[in-house]
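Visitor: Sharing a structure below in structure tokens format, with a few things to ask.
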Amino acid sequence: MFTVNPQELPIDRAEALRYLGYKPGKRKIGKKILRLLDEEMEKARTLITPRGLYRVVEVGELRNHKFFHDAQQIAFGVCTIGEKLDKEVKRLFKSGEGTRGVLLDAVGSVCAEATTDLVNAEAEEWASKNKLNITRRFSPGYSGWNVRDQKLVFAKLGKFTAGVKLTSSGIMLPIKSVSFACKLSTQDMVEINKGQKCASCNMRGRCAFSAEEGVCRKTAKEA
Amino acid sequence: MSLYEQISLAVQKGEIEEVGSLSKQALEEGNNALDVLNSALMPGIEIVGEKFGRDELFIPEVMMCAQALQAGINTINPFLTKEQSSYKAKIVIGTVANDVHDLGKNLVKMMFTANGFEVIDMGVDVSAEKFAAALEEHKPQVLGLSALLTTTMPEMSKTIELINSKGLHNGLQIMVGGAPVTEDFAKEIGADFYADNAIEAANTVKGMI
């Protein structure tokens, strides 16, 4: 399992603002909101325990699954920041501090994704070492993947869940958790997560292909 | 600018302490508490709702305005008569069974409270039976059901079915909301209203009363 020092986790303020509905450059954001957001970002570091893992499995029976038919292996992963931050969000709402509550909740989502970025990068490094192409990550409930398949992800993770539990309705606990899958193959694969484009890819700027092609080889451009 | 306009503007700017102190000043100058509520505080939050509808304000700012409104209401409340201070409506609210998400529900609750409604918050993972029992106990005018996932949306339907079978829907307006919930789904399951966001939820209930 990978653990991240909360003080070292990159928390992207712009991403938190995006979660809150703000669009870059569209409208000036009030100083007070930005100050409160910065305070909640700092507070978040005292409330999170970022951790996660991934597990590579053979595609097996999942070659019949519409998303995995072109994979040889699949890296399933789960990451969390723990439950303290969510408890603090609840406390803030109960005490009438909804502004801070909504800001901290957004920061928590950013922290969970940032943790997942790091674990995802580890999976990409493993793929690279093993000379495998790896797709961008995709998660149940997004990119057209049914949220019910959370059960599939957790079945494949087995006992390796970084302490994250899955309820019967497919909700991960702690709430601020992210599960994901990346396809692995020596061949080309269709990207499932087309919306993510290349912004978070470690091959950004070096890749021979564009996200618009819908095919990702994580292949560096030839010099 | 009149004092009432200053209060309204302070609500719109989310100036929590200023709304409190200006409301106090309005009372000290001999203004009627109910008048401060209806002519200064509520017009302020109504403009906030309009701005949110035009994408001029976002959720954190709306929350700040709601907190500012609450500060004003807390200041004037002791000076309202019992009849004046009685809530405009009673609302039972909660996240349906098997769903533990509550951010959306909490935002809606805050807007309801700021708009002078009494809110009985059932929390998360609330079974149909618990909702039905709360309706029998509290006899609210409105029930608000929240769900975040497609897997938990059917619980809304189950809850409404139970409420109907117990004859508790008469005189009760049921509102549903949550990320995957749509107006069509609301109609399909027999809900009376669908709200896309917290402001719309509060405005819808205001329109009912």
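Just so you know, all these numbers are worked out from the coordinates, no wet-lab data involved. Note that the structure is a prediction, hence the values are computed from the model and not measured. FYI the Cβ positions are ideal-geometry reconstructions off the backbone, even for glycines, and counts take in every protein chain you see.
Visitor: Go through B:149, B:167, B:138 and say which Cα lies farthest out towards the positive end of the charge dipole of region B:121-179; charges sit on Cβ, +1 for Lys and Arg, -1 for Asp and Glu.
Guide: Looking along the dipole axis, the top candidate is B:167.
Visitor: Extending each Cα 7 Å along its Cβ direction at residue A:131 and residue A:165, get the distance between those two points in nm, one decimal.
Guide: Simple spin-label model gives 4.5 nm for this pair.
Visitor: Residue A:66: which lysines have alpha carbons under 25 Å from its alpha carbon, excluding same-chain residues fewer than 8 sequence positions away?
Guide: Cross-link targets: A:131, A:151, A:156, A:183, A:194, A:197, A:218.
Visitor: For a footprinting-style exposure proxy, rank B:92, A:164 by other Cβ within 10 Å, fewest first.
Guide: In increasing order of surrounding Cβ atoms, one gets A:164, B:92.
Visitor: In nm, what is the difference between 0.36 nm times the number of residues separating residue A:15 and residue A:122 and their Cα-Cα distance?
Guide: Values: separation 107, 0.36 × 107 = 38.52 nm, distance 2.18 nm.
Gain on extension, residue A:15 to residue A:122, equals 36.3 nm.
Visitor: What FRET efficiency, computed as 1/(1 + (r/R0)^6) with R0 = 60 Å and r the Cβ-Cβ distance, is obtained for residue A:84 and residue B:35, rounded to the nearest 0.05?
Guide: 0.85
Visitor: Now for a different question. For residue A:2 and residue A:27, what does the FRET efficiency come to when R0 = 35 Å and r is the distance between their Cβ atoms, rounded to the nearest 0.05?
Guide: 0.40
Visitor: With a point put 7 Å past each Cα toward its Cβ, work out how far residue A:94 is from residue B:84 in nm, to one decimal.
Guide: 3.3 nm
Visitor: Give the angle, between 0 and 90 degrees and rounded to the nearest 10, that separates the Cα long axis of helix B:3-13 from the longest principal axis of the Cα atoms of chain B.
Guide: Helix B:3-13 sits at roughly 40 degrees to that axis.
Visitor: Round to a whole angstrom and tell me the spacing of the C-alpha centers of region B:135-209 and region B:13-60.
Guide: Cα centroid of region B:135-209 versus Cα centroid of region B:13-60: 29 Å apart.
Visitor: Right, next: What percent of all Cα-Cα pairs in region B:74-129 falls in each 10 Å bin, counting up from 0?
Guide: Computed distribution, short to long bins: 22, 43, 23, 11, 0.
Visitor: Could you work out how far helix A:31-47 tilts from the main Cα principal axis of chain A, as a 0 to 90 degree angle to the nearest 10?
Guide: 70 degrees
Visitor: Here's something else I'd like to know. Hey, got the Cα dimensions of chain B along the principal axes, in Å, largest first?
Guide: 54, 37, 24
Visitor: Of A:176/B:109; A:31/B:13; A:23/A:94; A:87/B:158; A:32/B:13, which ones are farther than 18 Å apart at the Cα?
Guide: Over 18 Å Cα-Cα: A:176/B:109; A:23/A:94; A:87/B:158.
Visitor: Calculate the spin-label point distance for residue A:186 paired with residue B:133, positioning each point 7 Å from the Cα along the beta-carbon direction, and give it in nanometres.
Guide: Output for this residue pair reads 6.2 nm.
Visitor: Starting from the exponent 0.38 and prefactor 2.2 Å, build the expected Rg for region B:1-64 from its residue count and divide its actual Cα Rg by it.
Guide: Here the answer is 1.11, to two decimals.
Visitor: Taking N as the number of residues in the protein assembly as shown, what value does Rg over Cα atoms divided by 2.2 N^0.38 Å take?
Guide: Scaled against compact globular proteins, the figure is 1.10.
Visitor: Taking the Cβ-Cβ separation of residue A:65 and residue B:3 as r and a Förster radius of 56 Å, what is the calculated FRET efficiency to the nearest 0.05? Intermediate results must be reported in sequence, preceding the final value.
Guide: Working: r = 66 Å, r/R0 = 1.17.
After rounding, the FRET efficiency stands at 0.30.
Visitor: Averaging sequence separations of C-alpha pairs under 8 Å and six or more residues apart, then dividing by the length of region A:2-185, give the relative contact order as a whole percent.
Guide: Normalised by residue count, the contact order of region A:2-185 is 29 percent.
Visitor: Once chain A is represented by equal point scatterers at the alpha-carbon sites, with solvent omitted, what log10 I(q)/I(0) does the Debye formula produce at q = 0.10, 0.11 Å⁻¹?
Guide: Debye intensities relative to I(0), on a log10 scale: -0.48, -0.58.
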